[in-house]
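All remarks here apply to the structure that follows.
Read-outs throughout are calculated quantities, based only on the coordinates presented, and are distinct from any laboratory measurement. Since we're looking at a predicted model, the values are computed, not measured. A quick note on method: Cβ atoms are made from the backbone with ideal geometry, for glycine too, and the neighbour counts reach across all protein chains shown.
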């Protein structure tokens, strides 16, 4: 076990290396580039035995990963923004084929206008594709989650691809202290990959053929949801094993920060959680009862866990660092749906923050909390979906 | 892997769409409008008919004569057209 | 064991749903006779994706991976890379089998990348000269003069007047180690070329002529005769490109294009002066191919 100062991109590369990914098919895009450069360096130096494919596009990169996984190799890729959305067709393909692939996505805004800074719309807009989705808060979490993701996606009861999101620049290019687990421990934790239905000349199969309306397409799609339903219990198990092996504890799809007794709770994904935790500490010192729920896993959506965590909150402020045009923030919509019919129904408001990498500061969050308390006092939401910090 | 035959519910399915049942259960011979008939007197056992069948529905017996597998023959007529001795006649089905 | 000049073993089951007289089936049949059991094939959206039948049936006796339309060469790359890293590539042939649309249009980016990366894969384009699976729409490999459902003959012409893309030239420009045209009407030549492509330690490209009675509108029984005319008129020359050298395998150009056109409904509408223009173009291209052969052998 070695502690090193490294950026999120480097941590992601280490995650792939420690997991002994065998085929890496990737295409460069800012701010993911350091991930693939570091992996290429590992391979050049003989520190990772893998095939690195210089793919001609992200769409082809995902195709090659899916194919390599079918053939029996553990695969890894990384992308961001435009690259992720270019892969969209094949994201659906990977989950439909029930193929394990782990991908790091550096969350970045979509063009036009061009913008390389953090936003979650790229990954949010892929929420229907049947991938398990994580949003990391720290570089350590990026590394650890990649390793755990392999254990999750390759489990024969799951067989779903996983994407691990890390915020552009705030994580990808910002250095933090990261504990690099030792290879032997990871080997013990992570067994070798064997595909469920391998491409095997001794037992030929045709994988992915035509299927009719009356049989059995619907059933195959239903199976994807059945697998999704098994993810959270499986993740809890894996995190328990991870704690036992590496001594670091993760708390499933949610991280609760000072939610006990909190009147106003904010929900957020990604690195902005750090700033909000600081703000919570400041408010709590003044005796103001606020808390934070960091949404670590967005797919499958942890409805049960959220309902339980919010069972005593009076007001929930959902921060979306993305937007679903024509409606509202995605986390906001899905939380409201979760709470529909629940015994306890807090007031809920949507705050759209940090679009295109606009900074989220303690001041911003303080104003958000103040606004929540105001609404709570008047028992009325002033503006259900508020784009905070838009220069009006 | 076990052959995915006699599927009646979701429980019988593989986890992902995997096909491993040979298509031999689909008797495409029912598509035919014309059927090839071999004239053994003219046949020189060259096997060109066997070679040019897209449905692999011509086999060759121990003597070297072609045998049409009428379960699968779609009646395209390529064998009749390619036979160097016009030893294959296309007859209308149902006669 | 051989019969009528080609290996006897089959790797395709009857009962598949190809049209009667399907040229692509003969391409696949001869291809697999050479490649044998130690083959992994991947196929995009195309006629051949529907031909093996519906789940859980399959007409192929080798492992098959269906892939998204654009990705045939990228998928083959992924399979090859995985086999390589697992130390299993030595005895297994990876073959991407795609139609003309999936090769020259939507699939060309992936093909270009795969050849450039030098993967040890065989790429076979079965060219039936249109998007046949979806109803005979124009592709960039639809020949000049042909009518399709998106180049329908109307009051003001409408048939395709543009030339076919030359896929052999495109792959040659990538410095591919081996590329060849094959035609099921010439089975021995077909078999020989697949054997050569199989032995290449790098990418190889096979452009296969694939007759289509449904799309080209002719009675299925004359399929192989049309194939012979394609080569005899110079419309589909049989040649190889190996290590920067061109070799024409069938050196006779003895028929006029009108003989080829007469037999197919998709050319029925062509006026005489257009046919003359096509003849001129084919003659010129044949001359250029002969020049390339001479030049490259010097």
To the nearest 0.05, the calculated FRET efficiency linking residue C:252 and residue C:116 through their beta-carbon distance, R0 being 30 Å, is 0.25
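Rank-order C:265-277, A:163-175, A:32-44 by packing density, defined as the average count of other C-beta atoms within 10 Å over each peptide's residues, highest first.
On the way: C:265-277: 14.8, A:163-175: 24.7, A:32-44: 20.1.
So the order, starting with the most tightly packed, is A:163-175, A:32-44, C:265-277.
Across the residues of B:8-15, average count of Cβ atoms on other protein chains within 10 Å?
Details: counts 1, 2, 7, 1, 3, 8, 10, 11.
Per-residue shielding by partner chains comes out at 5.
Efficiency by 1/(1 + (r/R0)^6): what FRET value for residue B:63 and residue B:31, r their Cβ-Cβ distance, R0 = 45 Å, to the nearest 0.05? Present the calculation step by step, with values, prior to reporting the outcome.
Details: r = 29 Å, r/R0 = 0.65.
Between residue B:63 and residue B:31 the formula returns 0.95.
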Note to self: C-alpha centroids of segment C:21-94 and segment A:230-249 sit apart, in Å, by 39 Å
Dividing the mean separation of Cα pairs under 8 Å (6+ apart) by the residue count of chain C yields a relative contact order in percent of 16 percent
Extension length gain for residue A:3 and residue A:288 (0.36 nm per residue less Cα distance), in nm, is 98.9 nm
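Beyond 42 Å, what share of the Cα-Cα pairs of the protein assembly as shown is found? Please give it as a whole percent. Could you put the intermediate results ahead of the total?
On the way: 122731 of 307720 pairs.
Every Cα pair in the protein assembly as shown considered, those over 42 Å come to 40 percent.
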Across C:159-168, the residue-averaged tally of Cβ atoms belonging to other chains within 10 Å stands at 0
Bounding extents of segment B:28-92 in its principal axis frame from Cα atoms, largest first in Å, are 29, 20, 16
To the nearest 0.05, the calculated FRET efficiency linking residue A:243 and residue C:199 through their beta-carbon distance, R0 being 35 Å, is 0.05
Log entry: pair-distance distribution for segment A:74-176, C-alpha pairs binned every 10 Å from zero, whole % per bin is 16, 49, 29, 5, 0
In Å, the Kirkwood hydrodynamic radius from C-alpha pairs for segment A:202-360 sits at 18.1 Å
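Give, to the nearest whole percent, the P(r) tail of segment A:90-239 beyond 27 angstrom, counting all Cα pairs.
Values: 3654 of 11175 pairs.
Pairs farther apart than 27 Å: 33 percent.
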So the compactness index of segment A:277-359, its C-alpha Rg divided by 2.2 N^0.38 Å, takes the value 1.15
With segment C:1-111 reduced to its Cα atoms and the Debye formula applied, log10 I(q)/I(0) at q = 0.11, 0.18, 0.19 1/Å amounts to -0.37, -0.96, -1.05
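I need the semi-axes of the equivalent ellipsoid of segment C:28-89: take the C-alpha gyration tensor, multiply each eigenvalue by 5, square-root it, list largest first in whole angstrom.
Details: eigenvalues 82, 48, 22 Å².
The answer is 20, 16, 10 Å, longest axis first.
Can you give the average number of partner chain beta-carbon atoms within 10 Å of each beta-carbon in peptide B:45-53, as a whole number? Walk me through the intermediate numbers first.
On the way: counts 1, 3, 6, 5, 1, 4, 11, 9, 5.
The mean count of partner-chain Cβ atoms within 10 Å per residue comes to 5.
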Expressed as a whole-number percentage, the relative contact order of segment A:254-387 with C-alpha contacts under 8 angstrom and at least six residues apart is 27 percent
So, with points 7 Å from each Cα along the Cβ direction, the residue A:54-residue C:268 label distance in nm works out to 5.3 nm
Rounded to the angstrom and largest first, Cα extents along the principal axes for segment C:2-297 equal 59, 48, 39
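Rg/Rh for segment C:172-272 to two decimals, with Rh computed the Kirkwood way over all alpha-carbon pairs. Spell out each step's value before the answer.
On the way: Rg = 15.1 Å, Rh = 14.7 Å.
Value, to two decimals: 1.03.
Rounded to two decimals, what is the ratio between the C-alpha radius of gyration of segment C:5-48 and 2.2 N^0.38 Å?
Numbers: Rg = 11.0 Å, N = 44, 2.2 N^0.38 = 9.3 Å.
Ratio of Rg to 2.2 N^0.38 Å for segment C:5-48: 1.19.
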The simple spin-label model distance between residue B:39 and residue A:236, using points 7 Å out along Cα→Cβ, in nm, is 8.0 nm
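Sort C:150-163, C:246-259 by packing, meaning the average of other beta carbons within 10 Å per residue, with the highest value first. It would help to have the intermediate numbers written out before the result.
Values: C:150-163: 13.4, C:246-259: 15.7.
Output ranking for C:150-163, C:246-259: C:246-259, C:150-163.
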From the Cα centre of segment C:191-215 to that of segment B:2-24, the distance in Å is 32 Å
Restricting to Cα pairs under 8 Å and 6 or more apart, the percent relative contact order of chain B works out to 33 percent
Label model pair residue C:277, residue C:149: point-to-point distance (7 angstrom along the Cα→beta-carbon line) in nm is 2.7 nm
To the nearest 10 degrees, the tilt of helix A:8-18 (Cα long axis) against the first principal axis of the alpha carbons of chain A is 40 degrees
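What is the Å³ per residue value for the convex hull set by the Cα atoms of segment A:161-230? Write down the numbers at each step before the final one.
Details: hull volume 14.6 nm³, N = 70.
Spelled out: Cα convex hull of segment A:161-230, divided by residues, is 208 Å³.
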One computes Rg over Rh for segment C:223-298 from alpha-carbon atoms, with the Kirkwood Rh, and obtains 1.04
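Based on the inverse mean of 1/r over its pairs of different Cα atoms, what is the Kirkwood hydrodynamic radius of segment A:141-183, in Å?
12.0 Å
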Taking Cα atoms, the helix C:23-35 axis meets the longest principal axis of chain C at an angle in degrees (rounded to 10) of 30 degrees
Inter-part gap, Cα centre of segment A:262-310 to Cα centre of segment C:245-287, in whole angstrom, is 73 Å
What one gets for chain A as the Kirkwood radius, inverse of mean 1/r over different Cα pairs in Å, is 21.5 Å
Log10 I(q)/I(0) at q = 0.10, 0.21 Å⁻¹ for segment C:56-144, from Debye over equal alpha-carbon scatterers, is -0.28, -1.02
Projected area averaged over all directions for the convex hull of the alpha carbon atoms of segment C:95-180, nm², comes out at 5.7 nm²
Segment C:186-232: spread of alpha-carbon positions along the three principal axes, whole Å, largest first, is 41, 19, 16
